[in-house]
Amino acid sequence: MLEKIKSMYGEAFIEDYYKAEDPEQYEWFRTSDQHVFGILKRSITANERRLLSMLFKSQRFDNILETKIQRYWSSLLFEGTAFNYKHEDFDIPDKFYLIHFSLKQIFEDRKGFEEALDGFFSAPFHVVWRDFKYGIIVVFDNQKERHEELANIIASDFYIDMSMMVTPVTILDNIHTECKNQIKLFNLAQRIFPKKRSFYYEHLLPLALLHALPASQRKQILNQFAYRLEDEDSELTRSILVYFEHNFNLTTAAKALYIHRNSLQYRIDRFHEKTGLDPKQFNDAVIIALLFLHHQYEECE
């Protein structure tokens, strides 16, 4: 149905509201699967507006990109242009990092969202919304902080589930291309790890490499090792994964698993004995981690 509406209204129809020069000139609607679209008000008759409101939920637009600098960052990150603004119009720090965030449902209290962030960050920042569920926080700092708790804070304060990905510190050069690649990898990571709330871009490099390899080549390289893990039980696999997540720390990993430290050591030794790969040795750990990742990737393909 949406395609028919799009063809009916032609250029008056828009799906990416950040491309609208004046979003308030549009009537915004939301489909049952949370897809948002707009139609120029002057192109809709009163009867058409009533019919559209019966078919779709009217979506209030709060002028998300309300400041000049938000417009600047939106056009720069998402479109590769800078809305013809000069840098003299506002200060652009030399270095910054991005936090991509994805909300599981449409969120309308954007002012409250930004106020919550204001109490979290020590450095200046701007929130740039791509649509009603996805946005980027631009943090003006040359030293990246750890942000594992941010998604949990948003979830507890607003009762909305959020995933996020923190990028390395970067500069303006080629930022649009970098941003496009980051969005693709973030979307892939959310699909592969649906229960995980926070990611760091550099930690997703192995996933990016796996995804870039042709399927035949990926399987040819990894299948020579994959058979070693085929018969491993889920408890043993989970124990090794938690051990890796805790940076090879037996004590904290055992606490996370609610088992004794010696029990975890026994499981690691048993894994080594059965597979010939030692989780305590870096080179073997890399292979094990790639095999686990490859298995999860294949399950989602």
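Annotations for the structure displayed:
- Residues of type aspartates and glutamates that LYS196 reaches as a straight line, Cα spacing below 13 Å, ignoring anything fewer than 8 places off in the same chain: GLU148, GLU149, ASP161, GLU245
- Kirkwood hydrodynamic radius over Cα pairs of the range 201-243, then Stokes diffusion coefficient at 25 °C and 0.890 mPa s, in µm²/s: 201 µm²/s
- The Stokes-Einstein estimate for the chain, based on a Kirkwood radius over Cα pairs and taken at 25 °C with 0.890 mPa s viscosity, is a diffusion coefficient of 110 µm²/s.
- Alpha carbon convex hull of the range 68-209, projected area averaged over orientations, nm²: 8.3 nm²
- Debye, to nearest 20: dipole size of the range 68-209, +1 on Lys, Arg Cβ, -1 on Asp, Glu Cβ: 620 debye
- Projecting the Cα atoms of ILE183, HIS295, PHE199 onto the dipole axis of the chain, where Lys and Arg carry +1 and Asp and Glu carry -1 at the beta carbon, places HIS295 farthest toward the positive end.
- Excluding same-chain neighbours fewer than eight residues apart, the aspartates and glutamates reachable from LYS57 by a Cα-Cα span under 13 Å are GLU27, ASP33.
- Our coupling estimate for the range 99-109, obtained by passing each phi through the Karplus curve with A = 6.51, B = -1.76, C = 1.60 and θ = phi - 60°, is 10, 6, 9, 10, 9, 6, 8, 5, 10, 9, 7 Hz, Gly and Pro reported as x.
- When +1 charges are put on Lys and Arg Cβ atoms and -1 charges on Asp and Glu Cβ atoms, the dipole computed for the range 213-300 relative to its Cα centre reaches about 220 debye.
- Long pairs among LYS184/LYS255; LYS111/LYS144; LYS111/LYS184, criterion Cα-Cα beyond 31 Å: LYS184/LYS255
- For the range 2-58, projected area of the alpha-carbon convex hull averaged over all directions, nm²: 3.7 nm²
- For the chain, calculated [θ]222 nm from helices alone, where every DSSP H run of n ≥ 4 adds -39500 (n - 2.57): -13500 deg cm²/dmol
- Eigen-decomposition of the gyration tensor built on the alpha-carbon atoms of the range 213-300 gives equivalent ellipsoid semi-axes of 25, 13, 11 angstrom, largest listed first.
- Treating each Cα of the range 126-245 as one equal point scatterer and applying the Debye formula with no solvent, the log10 of I(q)/I(0) at q = 0.10 Å⁻¹ comes out as -0.43.
- Taking a straight Cα-Cα cut-off under 18 Å and skipping sequence neighbours fewer than 8 places away in the same chain, the aspartates and glutamates within cross-link reach of LYS274 are GLU230, ASP231, GLU232, ASP233, GLU235, ASP284.
- For the chain, size of Cβ-based charge dipole, Lys and Arg +1, Asp and Glu -1, in debye: 580 debye
- Residues with amide H under 5 Å from that of PHE56, placed H, sequence gap 5 or more: none
- The value of relative contact order for the range 2-58, using C-alpha pairs under 8 Å at least six residues apart, is 34 percent.
Rule-based calculations on the coordinates, nothing more; no lab input. Computed from a predicted structure; not experimentally measured. No Cβ is skipped: glycine too gets one built from the backbone with ideal geometry, and neighbour counts run over all protein chains shown.
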